[in-house]
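Here's the structure we're looking at; comments come further down.
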Number of protein chains: 2
Amino acid sequence: MSNKPSYDVVGIGNAIVDALAPTGDDVLARLQLNKGSMTLIDESSSARIYAEMGPATISSGGSAANTMVGLASLGAKAAFIGKVKDDDSGRAFCHDIEKSGVAFSTPATATGPATARCLVLVTPDGERTMSTYLGACVHLGPDDIDEELIARTRIVYLEGYLWDPPQAKAAFRKAAEAAHRSGARVALTLSDAFCVDRYRDEFLGLIRGGAVDIVFANESELHALYQTADFGTAVAELKKEKALAFVTRSANGCLVVDHGEAESAPASAIDRLVDTTGAGDLFAAGALFGLSRGAPNVRAAAIGALAAAEVIQHFGARPQTSLADLLAQSGI
Amino acid sequence: MSNKPSYDVVGIGNAIVDALAPTGDDVLARLQLNKGSMTLIDESSSARIYAEMGPATISSGGSAANTMVGLASLGAKAAFIGKVKDDDSGRAFCHDIEKSGVAFSTPATATGPATARCLVLVTPDGERTMSTYLGACVHLGPDDIDEELIARTRIVYLEGYLWDPPQAKAAFRKAAEAAHRSGARVALTLSDAFCVDRYRDEFLGLIRGGAVDIVFANESELHALYQTADFGTAVAELKKEKALAFVTRSANGCLVVDHGEAESAPASAIDRLVDTTGAGDLFAAGALFGLSRGAPNVRAAAIGALAAAEVIQHFGARPQTSLADLLAQSGI
């Protein structure tokens, strides 16, 4: 076996199919959904919200899965671990991720809950509000972590959302430990401010205990992590952590904090904000691509910004054009 | 009962769910598909082509259904008649068309073939190439034509594709006759050049026999209808017909021929051609909207061009923004 890693990045996350609909703000209010956040729902709530949604487009999603597709579009070798059921949605998920050039071989469940579904309501300001029925994701467990695969990977990327399904946390820890045994780095996205609220102490423990080397967060997730509404206070706390962190700030670009040292990187220019779904996922894709190729942090952040800019200019969470081409044209 | 029609337009067509994927020209060549056309396929061919397709987005489609959704988006009262199965795709189709504001009450089949699926391959030049498995559409028949509904409608719109499923032709004729009994006009889209090749004599018979008052065609369909490669020759033939015809010419706008008199209308300006899927359907929506409101032919064509311009600037065959708002802003 060669010593050269076979994969730049392996992502582990919830395998989800999205139903996305442009939606008025009044619908969010009526459904009592927190704008911009992800809410976990059961199957009957999913049916109830779908019935209130407008015409919807169905496409594969899942935060870490979107990130792996972004990496493949940039030209990286990426793999994904996540759980679907062997139903129509699950088969579509498998088709889409494989055809995106991402290795995916987690066995589907034959029985039990359906493939996970995320209802994505996109308001006229481009903000997305998500309601997720986890379905078959609850069956992701440590047995699904292929340590052979992890051993051949430069970076293992984990989504904070994995703390929600009951056995995925153990899968997450197993993957992180296997990564460190083989010298790979472990990256974590904090996923969502409410998700941080649910698992704050555990996420801080992962960072402070050295289980996680690289952290992705947006401003509201960082605020939730350190329980402050003040960005300066949150950054001061972040600077104390022994980690590399990318804090995305929408149009204000990204703050990169590397073991106490902070640098800024600008956002990429866009023509029109259509739908922020996948913005954080694609930022992570670009940044991880840069890191896996040895780019300095700020250049990695610039690639992240480029990938995020592509995905927010159309509906849907995965790129619609070759990010490798965009990168080549960008001069980054 | 009021004498005022309840619907501006009722559309009758194949009820189809689209799977759309950006695709290289090499894939079309390998699959031996005719670029820009619609090919009928069986279920096993559908599975084979899907396996060759890239990551796909699933959304409701169907030519006349897309047109009715466009009409509703413009503010018209529209209804649709078409056949789905009561399966996941069929339920999604019902959800989407109803949530688009289109009345739809054709009963779904409980058994038999699945809801129709159209595989749409979009090449980098924005052209779409379609492969359609008709599925449950083969069960659309005269019993599905609600003559009460037709009697309350200004315009009945029929797609040429209805000649493909075996019983739909009879439904088509029943609807056209009911329309004329109540003083409504009947519009027909020629749908596709290969479809015209299959049913040329019947389509000419419908126009010349007076069953159809308004014809929509693009250049290649018009060429197929009159078996010529020369636009001037085709238009000279068209001028002999006792009908109103809209001939769409992509970026060259539209030629309107009304009982021998020809006028031109320009295309709407666009920023970037992304995907022509739905261009003809949405042109028809705008033109029918204009006609239903008594607009002169050229103004109706301008509204058609506006609606088509919206749909070709993103992936997918249905509008992603309010066409009524676009029209109000356009000054047309």
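The values are calculated or read from the model by the stated rules, or taken from the named source; none is laboratory data. Treat the numbers as computed from the prediction; the structure is a model and nothing was measured. All Cβ positions, even for glycine, are placed from backbone atoms using ideal geometry, and neighbour counts span all protein chains on display.
What pairs come out if I take residues in the range A:1-26 that are under 13 Å from residue A:148 (Cα atoms) and pair them with residues that are modelled with pLDDT of 95 or more and of a type in the set (S, T, N, Q) whose C-beta lies under 7 Å away, six or more apart or interchain?
The qualifying pairs are A:5/A:153; A:7/A:153; A:10/A:153.
Say we look at the range B:16-51 and pick out the residues that are within 14 Å of chain A (Cβ to nearest Cβ) and among the small types (Gly, Ala, Ser); which of these is farthest from the chain's Cα centre (by Cα)?
Looking at residues that are within 14 Å of chain A (Cβ to nearest Cβ) and among the small types (Gly, Ala, Ser), I get B:51.
Just to be sure, is residue A:277 polar (S, T, N, Q) and at pLDDT below 95?
No, not satisfied.
For every residue, the table says whether it meets (1) within 12 Å of chain A (Cβ to nearest Cβ); (2) assigned to a loop (DSSP other than H, G, I, E, B).
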{"residue": "B:58", "(1), (2)": "yes, no"}
{"residue": "B:64", "(1), (2)": "no, no"}
{"residue": "B:67", "(1), (2)": "no, no"}
{"residue": "B:76", "(1), (2)": "no, yes"}
{"residue": "B:79", "(1), (2)": "no, no"}
{"residue": "B:95", "(1), (2)": "yes, no"}
{"residue": "B:101", "(1), (2)": "yes, yes"}
{"residue": "B:106", "(1), (2)": "no, yes"}
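Which of the residues that make up the range A:75-98 are surrounded by 19 or more Cβ atoms within 10 Å (Cβ to Cβ), over 23 Å from residue A:57 (Cα atoms) and either over 15 Å from the mean Cα position of the chain (by Cα) or acidic (Asp, Glu) (or both)?
A:76, A:77
Check residue B:54 against each of (1) within 14 Å of chain A (Cβ to nearest Cβ); (2) closer than 30 Å to residue B:149 by Cα; (3) in a loop (DSSP other than H, G, I, E, B) and name the one condition it does not meet.
Every listed condition holds for residue B:54 apart from (2).
Six or more apart or on different chains, Cβ atoms under 6 Å: show the pairs whose first residue is in the range B:58-74 and surrounded by 24 or more Cβ atoms within 10 Å (Cβ to Cβ) and whose second is in a helix (DSSP H, G or I) and basic (Lys, Arg).
none
Is it fair to say residue A:188 is closer than 24 Å to residue A:76 by Cα and in contact with a His (Cβ under 8 Å, 6 or more places away or on another chain)?
Spelling it out, it is not the case that residue A:188 is closer than 24 Å to residue A:76 by Cα and in contact with a His (Cβ under 8 Å, 6 or more places away or on another chain).
Picking from A:171, A:211, which residue would you name as being among the small types (Gly, Ala, Ser), under 17 Å from the mean Cα position of the chain (by Cα) and either closer than 25 Å to residue A:139 by Cα or at pLDDT 95 or above (or both)?
Of A:171, A:211, the one residue that is among the small types (Gly, Ala, Ser), under 17 Å from the mean Cα position of the chain (by Cα) and either closer than 25 Å to residue A:139 by Cα or at pLDDT 95 or above (or both) is A:171.
Residue B:237 passes all but one of (1) over 17 Å from the mean Cα position of the chain (by Cα); (2) farther than 28 Å from residue B:35 by Cβ; which number fails?
(2)
Which residue pairs have Cβ atoms under 9 Å apart, sit 6 or more places apart or on different chains, and have a first residue in the range B:312-332 that is on the phi < 0 side of the Ramachandran plot and without any contact (Cβ under 8 Å) to a residue 24 or more places away in the chain and a second that is assigned to a loop (DSSP other than H, G, I, E, B) and buried (at least 23 other Cβ atoms within 10 Å of the Cβ)?
Partner pairs satisfying both residue conditions: B:320/A:315; B:326/B:319.
Kindly indicate whether residue B:90 is over 20 Å from residue B:145 (Cα atoms) and more than 10 Å from chain A (Cβ to nearest Cβ).
no
Can you tell me which residue in the range A:287-325 is surrounded by the most Cβ atoms within 10 Å (Cβ to Cβ), limited to those that are outside any loop (DSSP other than H, G, I, E, B) and within 14 Å of another protein chain (Cβ to nearest Cβ)?
Per the stated criteria, the residue is A:311.
Where residues in the range B:1-46 are among the hydrophobic types (A, V, I, L, M, F, W, C) and loosely packed, with under 13 Cβ neighbours inside 10 Å, which of them is modelled with the lowest pLDDT?
B:1
How about the range B:108-132: which of its residues are free of Cβ contacts under 8 Å to residues at least 40 places away in the same chain and outside any loop (DSSP other than H, G, I, E, B)?
Scanning the range B:108-132 gives a single hit, B:109.
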